[in-house]
Amino acid sequence: MTLGYVLKKLIKNPLAVAGLILLLAFVILAIWAPVFAPVPENSRDPYMIPRDGFSSIPVPPTEEHIFGTTEGQYDIFYGIVWGTRTAFRIGVVITLFTTMIGIIIGSFAAYYGGWLDELLMRITEIFQAFPFLLTAITLTSVLQAVYGRGEGNFLIYSAKLLAFLTFGSSIFENINPIQLSIITGMISIIMFGWMTIARVTRGNILAVKNFEYSLAARTIGAKNLRILFRHLMPNAIFPVLVIASMNIGSYVLTFAALSFLGLGAQVGYADWGQMISFARNWIPSLAEYSHIVVYPGVAILLFVLAWNLVGDALRDILDPRLRGSR
Amino acid sequence: MINYIIRRLLIMPVLVAGISVVIFGMLSLLTPYERAALYVTDIPKRQGAIESIIEKYGLDDPIPVQYWHWMVGQKDEDTGEISGGVLRGDLGWSKVGKSTVAEVIGRRLPASAELALWSALPLIGLSIWMGIRAAVNHNKFVDQVLRVAAIAGWSIPTFVFGLLLLLFFYSRLDWFPPGRLSIEMSQVVLSDSFVQYTKMHTIDSLLNLRFDIFKDAIRHLVLPVVTLSVVSWAFLLRVTRSSMLDTLRQDYITTARSKGLPEGKVVGRHAVPNGLIPVITVGGLTLISLFNGVVITETIFNIKGIGSFMAQAAASLDVVSVLGITMFSSLVLIVGNLVVDVLYGVVDPRIRLD
């Protein structure tokens, strides 16, 4: 199975094509964010949504603010456009890490087998036994306290690495507190989001482990790690990578939920979940201020929908049981 | 069968131990001072107050010692009393709830349980029925519509969906208000003449023969139940569909068809009982997504249950409460998964024989 085969199958599925077009639109929106929503001259950080005054009452769409403003006069259109970048950054980096952790754990468990397999799979099972969102909330609140004291330890270094990958900020300076609260949420999602990938990887490596070419490699004296990474991985990893990349949507969804609860991005940051969290204060009069939910809500929905539409079709293509049946 | 159940039961302590280690690991990221501060309600007037708390609770002991104290309790050297201990039901003191975490859970569980119960029952029936329809009409119009609906339901964030429902059905139409009961009704519930057997309003009102309260409680439950169910509905529908598709391709289905059985009987008697077996296994996952959904749903609909307390405690960085509730819900999940596993073994002989 090659990339070409998968793509050819994919463009025959109308739902997947709709998803791909949506994704392309979001990519364009993210790349040309400064064109769609120009950054005001006096802005220090383009990811902070510009405010038009400080009134606490949301203003419905006007000519100047085409999607209206939220409580605190944050411009919703600006937030949605720049929020696209935030969503991609967060989703991609989280996916990168969960996939890496999942592949390492899954492939070692499958290749070495025995007690290591038993141990790693028990650990995977324990992490799966947690209610995901609850644990992510827990870890986020603990990490916020830990980072509050700002000592140099392993957690700070991993946060710096994530900040470097997500925002391109320097590893040698202290992390800007606005970015730090986002990183905290990301670490929580990474910690409790790698298990499915580990299981899928393990299954796929097990399936190819005893093929002749793997035995042949062992016979000529190849080292374990070499067999695993040079011979088994390339044959087993493709479906894993494809499925893992489709997780971006669900990670963005979880992060939005954290932000909505006030644990992810800080107030005023161009993040969709954070923008919707204002709506909690306006529930009785939502009919009047529907724009504060509808626009950012539709943005999240379309973003996640796009990934899921493509992902759903990919799963069918990659699932060997369904192949040839349609 | 007995062997199978025993094997599942033996895994349980391993899972509980693992979960407690992870949760304690998160707690031990905090310094002794930070953890001591969780017990202090106002600025200590006396110097060394924090140090004495650290001393008293042994917060600077080695981590394994602290873990032991946290799990099984700590013996007071003067009085000989044992205090604390997760295994003894003590999850610590909740700063936000202003009582022990166990008490907060006891107080708030009925509201969450009521919500989850009302969500789970219609949810399971509806999604399984729809999943079967989709599989039987594979690649036809019904299947495509349900497929798109399921992907959309799977993609919409719980909080957006809940807020949109509130926008239309509360703010605009005023049909279904948030909260658990209207003010008049909650006064009746709190009065002496109304006996609160379970603290779940829908059940209590029936037991007290107060149908007006029952109606009011249902009116408040409609939107949160729909919000909480939508993700799991999409998930269960997809699982049922793919499992049914698998079953419909089996040889015994072809046999049944070639015997000349009517299609309804082939599906209803031969395919459905077998096709639903894998659906049971995802029961645990459905439970997890209900747990996750409860946090958001209760927060939006202003229901004073465990989930909204969790969100509130997390926002005020009350780590003890948050960890306690996570511990509690993980235990519920483990028990739930055990039930699911046993059920699976009961309905599918292939599982318990291997």
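No value in this document is a laboratory result; all are computed from the given coordinates. Quantities reported herein were computed from a predicted structural model and do not represent experimental measurements. As a convention, Cβ positions derive from the backbone with ideal geometry for all residues, glycine included, and neighbour counts pool all protein chains shown.
What is the order of A:S188, A:S158, A:S169, fewest Cβ neighbours within 10 Å to most? Spell out each step's value before the answer.
On the way: A:S188 28, A:S158 14, A:S169 17.
Neighbour counts put them in this order, fewest first: A:S158, A:S169, A:S188.
How far is the Cα center of the range A:7-46 from the Cα center of the range B:311-354, in Å?
The two parts, judged by their Cα centres, are 39 Å apart.
Using only the alpha carbon atoms of the range A:39-144, find the Kirkwood hydrodynamic radius as the inverse mean reciprocal pair distance, in angstroms to one decimal.
Values: mean 1/r = 0.0560 Å⁻¹.
Evaluated over the range A:39-144, this radius sits at 17.9 Å.
Could you give the size of the charge dipole of chain A about its Cα centre, using +1 on the Cβ of each K and R and -1 on the Cβ of each D and E, expressed in debye and rounded to the nearest 20? Walk me through the numbers on the way to the answer.
Details: 22 positive and 18 negative charges, 331 e Å.
In total the dipole reaches around 1580 debye.
Near A:K160, which aspartates and glutamates are there with a Cα under 20 Å away, not counting those fewer than 8 places off in the same chain?
A:D45, A:E151, A:E173
Which of B:G92, A:H291, A:V200 sits farthest toward the positive end of the charge dipole of the protein assembly as shown, with +1 on the Cβ of Lys and Arg and -1 on the Cβ of Asp and Glu?
After comparing all options, I get A:V200.
If you place +1 on the Cβ of every Lys and Arg and -1 on the Cβ of every Asp and Glu, how big does the dipole about the Cα centre of the range B:121-273 come out, in debye to the nearest 20? Can you show the working numbers first?
Working: 16 positive and 10 negative charges, 146 e Å.
So the dipole magnitude of the range B:121-273 works out to roughly 700 debye.
For the protein assembly as shown, what is the calculated [θ] at 222 nm in deg cm²/dmol (nearest 500), taking -39500 (n - 2.57) for each run of four or more DSSP H residues and dividing by its residue count?
Details: 31 runs with 456 residues, N = 680.
Computed mean residue ellipticity for the protein assembly as shown: -22000 deg cm²/dmol.
Could you line up B:L290, B:L317 from fewest to most neighbouring Cβ atoms inside 10 Å? Provide the component values of the computation, followed by the final result.
Values: B:L290 24, B:L317 19.
Going from least to most buried by this count: B:L317, B:L290.
Kindly write out, for the range A:201-213 in residue order, the coupling ³J(HN,Hα) from the Karplus curve 6.51 cos²θ - 1.76 cosθ + 1.60 (θ = phi - 60°), rounded to whole Hz, with x marking Gly and Pro.
Result, ordered by residue: 4, 4, x, 5, 5, 4, 5, 9, 4, 9, 5, 4, 5 Hz.
Within straight cross-link reach of B:K140, meaning Cα distance under 19 Å, which aspartates and glutamates are found once same-chain residues fewer than 8 apart are removed?
A:D312, A:D316, B:D246, B:E263
Rg to Rh for the range B:176-238: what is it, with Cα atoms only and Rh by Kirkwood? Display every interim value, and only then the final one.
On the way: Rg = 14.0 Å, Rh = 12.7 Å.
Using only Cα positions, Rg/Rh for the range B:176-238 is 1.10.
Of all the Cα-Cα pairs you can form in the range A:182-326, what percent are over 25 Å apart?
Details: 5185 of 10440 pairs.
The proportion of pairs with Cα distances above 25 Å equals 50 percent.
Amide H to amide H, which residues 5 or more places from B:S94 or on other chains are under 5 Å from it, using H placed in the peptide plane?
Under 5 Å from the amide H of B:S94 lie the amide H atoms of B:S99, B:T100, B:V101, each far enough along the sequence or on another chain.
Provide B:D174, A:D271 in ascending order of the number of other Cβ atoms located within 10 Å of each residue's Cβ, fewest first. Show your work: numbers first, answer last.
On the way: B:D174 10, A:D271 31.
With the fewest neighbours first, B:D174, A:D271 line up as B:D174, A:D271.
Which whole-angstrom value gives the distance between the alpha carbon centres of the range B:209-230 and the range A:263-286?
The range B:209-230 and the range A:263-286 have Cα centres separated by 27 Å.
Just to confirm my numbers, what's the Cα centroid distance between the range A:94-128 and the range A:47-90 in Å?
42
Can you compute 3J(HN,Hα) from phi for each residue in the range A:83-89, using the Karplus curve 6.51 cos²θ - 1.76 cosθ + 1.60 with θ = phi - 60°, rounded to whole Hz and x for Gly and Pro?
Once rounded to whole Hz, the list reads x, 4, 4, 4, 4, 4, 4.
What list of ³J(HN,Hα) values in whole Hz, one per residue of the range A:135-142 in order, does the Karplus curve 6.51 cos²θ - 1.76 cosθ + 1.60 (θ = phi - 60°) give from phi, with Gly and Pro shown as x?
Per residue, the Karplus-derived 3J(HN,Hα) values read 5, 4, 4, 4, 4, 4, 5, 5 Hz.
Quote to one decimal, in nm, the extra length available between B:S52 and B:A17 on full extension: 0.36 nm per residue of separation minus the C-alpha distance between them. Write down the numbers at each step before the final one.
Working: separation 35, 0.36 × 35 = 12.60 nm, distance 3.02 nm.
Length gained between B:S52 and B:A17: 9.6 nm.
What is chain A's relative contact order, in percent, from Cα pairs under 8 angstrom and six or more apart in sequence? Don't skip to the answer; put the middle values down first.
On the way: 415 pairs, mean separation 87.1, N = 326.
With pairs under 8 Å counted, the relative contact order is 27 percent.
Do me a favour and compute the ellipsoid semi-axes for the range B:133-286 from its Cα gyration tensor, root of five times each eigenvalue, largest one first, whole Å. All intermediate terms of the calculation are to be shown ahead of the outcome.
Details: eigenvalues 349, 85, 32 Å².
Square roots of five times the eigenvalues give 42, 21, 13 Å.
Once you order the gyration tensor axes a ≥ b ≥ c over the Cα atoms, which shape class does the range A:242-285 get: rounded for a/c under 1.5, otherwise prolate or oblate by comparing a/b with b/c? Don't jump to the answer; show the numbers that get you there.
On the way: a/c = 3.34, a/b = 2.25, b/c = 1.48.
It comes out prolate by the Cα gyration axes.
Using the Cα gyration tensor of the range A:130-174, with a ≥ b ≥ c the square roots of its eigenvalues, what is the shape: rounded (a/c below 1.5), prolate (a/b larger than b/c) or oblate (neither)? Intermediate results must be reported in sequence, preceding the final value.
Details: a/c = 2.99, a/b = 1.66, b/c = 1.80.
Since a/c reaches 1.5 but b/c is at least a/b, the shape of the range A:130-174 is classed as oblate.
Can you classify the protein assembly as shown as rounded, prolate or oblate using the Cα gyration tensor, where a ≥ b ≥ c are the square roots of its eigenvalues, rounded means a/c under 1.5, and otherwise it's prolate if a/b beats b/c and oblate if not? Present the calculation step by step, with values, prior to reporting the outcome.
Values: a/c = 1.18, a/b = 1.16, b/c = 1.02.
In terms of gyration-tensor shape, rounded.
Semi-axes of chain A's equivalent ellipsoid from the Cα gyration tensor, sqrt of 5 times each eigenvalue, largest first, rounded to whole Å? Before the final figure, lay out the partial values.
Values: eigenvalues 319, 118, 57 Å².
For chain A, the ellipsoid semi-axes come out as 40, 24, 17 Å.
Any idea which of A:W82, A:T95, A:A109 is furthest toward the positive side of the dipole for the range A:1-126, if Lys and Arg beta-carbons carry +1 and Asp and Glu beta-carbons -1?
A:A109
Consider all pairwise Cα distances in chain B and report the whole-number % of them above 28 Å. List each step's numbers first, then the result.
Numbers: 35866 of 62481 pairs.
That tail contains 57 percent of the Cα-Cα pairs.
For chain B, what relative contact order do you get, as a whole percent, if you take Cα pairs closer than 8 Å and at least 6 residues apart? Please report the intermediate quantities before stating the final value.
Numbers: 390 pairs, mean separation 82.0, N = 354.
So the answer I get is 23 percent.
Return the lysines within reach of B:K199: Cα separation strictly under 25 angstrom, same-chain partners fewer than 8 residues apart disregarded; answer none if there are no such residues.
Here the lysines satisfying the reach criterion relative to B:K199 are B:K95, B:K98, B:K215, B:K304.
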